[in-house]
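One structure is given below, encoded as structure tokens.
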2 protein chains.
Amino acid sequence: MVRENEIRRNEVAVTPPAPTDAGLVYIGRIETPWTSKLLAPRQGRPDGPICRIEIFEPWTPALDGIERFERLEVLYWLHLSRRDLVRQSPANDGSTHGTFALRSPVRPNPIGTSIATLVAREGSTLLVRGLDCLDGTPLIDLKPDRSLFKPIAPEQPGDLETQA
Amino acid sequence: MVRENEIRRNEVAVTPPAPTDAGLVYIGRIETPWTSKLLAPRQGRPDGPICRIEIFEPWTPALDGIERFERLEVLYWLHLSRRDLVRQSPANDGSTHGTFALRSPVRPNPIGTSIATLVAREGSTLLVRGLDCLDGTPLIDLKPDRSLFKPIAPEQPGDLETQA
């Protein structure tokens, strides 16, 4: 069973600094079929259920041109996750792993990232597959999948820098 | 030339809501060779220069096990970027694109994501290639690359859900 909010055997919690270094604005809301942590998938799948991403004002003009991309990188705020565990036991068997060696929703900054397939756009709403988050999850960013995006800006000196 | 902080012809700025929906904590700091927006690459490259990711306390125990992953997903806060443009002109030629159809650093929540190759770990510092950000960029998350990570948590009902 996945975590509700408990701390498990051998897990390590810290007292985190106040999360005041930068502030986020929720730019939309994600609708999915999953209303409980006990039901949601561990990771999205490309043939998974269609989910809806609703974009809030004043951001809808920022969607212009998004239909050109078959896949989108979606960033969302895992608003129900604790943020204080540095070692976690996903199997709940006493063995633990560092948080940065996991893709668990429990992290200092609980940001989830998925690659979603864009099925359709309906005005300020996108229909996508491939998400894994709970219904009502706040959206924080949307970008074209990195493998589909070619920079439009002119070349920069750093583009050519390599190192043996 | 890339943007310093100007608004260009035909670009559209909005008055954004206050970014107070959620708060971030900087968990580390990224050292790169690029000290100016005019020099940094548009996107990282796998054979690019080695960069250093320093993890702050109390988060270093969260690195345990990260050496097992050849590639990491790195999330960072593009602290010098404006956040109010919904249409942008990367080529500065009067043509504009919606912000969510671009991977520009200028976005409502200026979070950059890269897939970096892990070269070595030295205590609380990781040496990686593949970044594109400025020297001094704040780190906000580190995860194994999604294609290398297999969930450890027991199977969930949602794992099996598909839809025609």
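Report the A-B buried area as the accessible area lost on both sides summed, probe 1.4 Å, in Å² to the nearest 100. Please report the intermediate quantities before stating the final value.
Values: alone 10690 and 10680 Å², together 13440 Å².
Result for this pair: about 7900 Å² buried.
Restricting things to alpha carbons, find the Rg to Rh ratio for the range A:104-154 using the Kirkwood radius for Rh. Numbers along the way, then the final one.
Details: Rg = 13.4 Å, Rh = 13.3 Å.
Ratio of gyration radius to Kirkwood radius: 1.01.
What separates the A:Asn5 label point from its copies, with the point 7 Å along Cα to Cβ, is 3.9 nm, written shortest first.
Close amide H contacts of A:Gly44 (hydrogens built in the peptide plane, cut-off under 5 Å, sequence separation of 5 or more or a different chain): A:Asp132. When nucleic acids and ligands are ignored and a 1.4 Å probe is applied, B:Arg68 ends up with an accessible area of around 150 Å².
Summarised in one figure, the compactness ratio Rg/Rh of the range B:47-139, Cα atoms and Kirkwood Rh, is 1.06. Annotation for B:Ala18, label-to-label distances across the other copies: 1.5 nm (shortest first, one decimal, point 7 Å from Cα along Cα→Cβ).
Placing a label point 7 Å from the Cα of A:Ala120 along the Cα-to-Cβ direction, the distances to the matching points in the other copies come to 5.5 nm, shortest first.
Applied to the range A:18-33, the Karplus parametrisation 6.51 cos²θ - 1.76 cosθ + 1.60 on θ = phi - 60° returns per-residue 3J(HN,Hα) values of 4, x, 10, 6, 7, x, 9, 10, 6, 9, x, 9, 9, 9, 10, x Hz, with x for Gly and Pro.
Rounded to the nearest whole Hz, the Karplus-based 3J(HN,Hα) values (6.51 cos²θ - 1.76 cosθ + 1.60, θ = phi - 60°) of the range A:46-54 follow the sequence x, 9, x, x, 6, 10, 10, 10, 9, with x at glycine and proline.
What does the extension gain come out to for B:Asp93 and B:Arg9, with contour length at 0.36 nm per residue minus their alpha carbon separation?
On the way: separation 84, 0.36 × 84 = 30.24 nm, distance 0.77 nm.
Length difference between fully extended and current span is 29.5 nm.
Given contacts defined as C-alpha pairs under 8 Å and at least six residues apart, what's the relative contact order of chain B, whole-number percent? Averaging sequence separation for qualifying contacts and normalising by length gives 35 percent for chain B.
The loop-placed GluC sites (Glu not before Pro) in the range B:28-75, going by DSSP, that have at most 14 neighbouring Cβ atoms within 10 Å of their Cβ come out as B:Glu70.
Given a 1.4 Å probe, show me the residues in the range A:1-33 buried by at least 20 Å² of accessible surface when comparing the whole protein assembly to the chain alone. Buried by the other chains: A:Met1, A:Val2, A:Val14, A:Pro17, A:Pro19, A:Asp21, A:Ala22, A:Gly23, A:Leu24, A:Val25, A:Tyr26, A:Ile27. Residues in the range A:151-164 carry Karplus couplings, in order, of x, 9, 4, x, 4, 10, x, x, 4, 9, 6, 10, 8, 5 Hz; the curve used is 6.51 cos²θ - 1.76 cosθ + 1.60 with θ = phi - 60°, and Gly or Pro positions show x.
Quote the convex hull volume per residue of the protein assembly as shown, based on C-alpha atoms, as a whole number of Å³.
Working: hull volume 39.7 nm³, N = 328.
Measuring per residue, one finds 121 Å³ for the Cα hull of the protein assembly as shown.
Rounded to the nearest angstrom and listed largest first, the equivalent-ellipsoid semi-axes of chain A from its Cα gyration tensor are 30, 22, 16.
The values are calculated or read from the model by the stated rules, or taken from the named source; none is laboratory data. Nothing here was measured: the structure is a model prediction, and the numbers come from that model. Reconstructed Cβ throughout: ideal geometry from the backbone, glycine too, with neighbour counts over all protein chains shown. Surface accessibility is based on the protein's heavy atoms, side chains included, excluding ligands, DNA and RNA. Shrake-Rupley method; radii C 1.70, N 1.55, O 1.52, S 1.80 Å.
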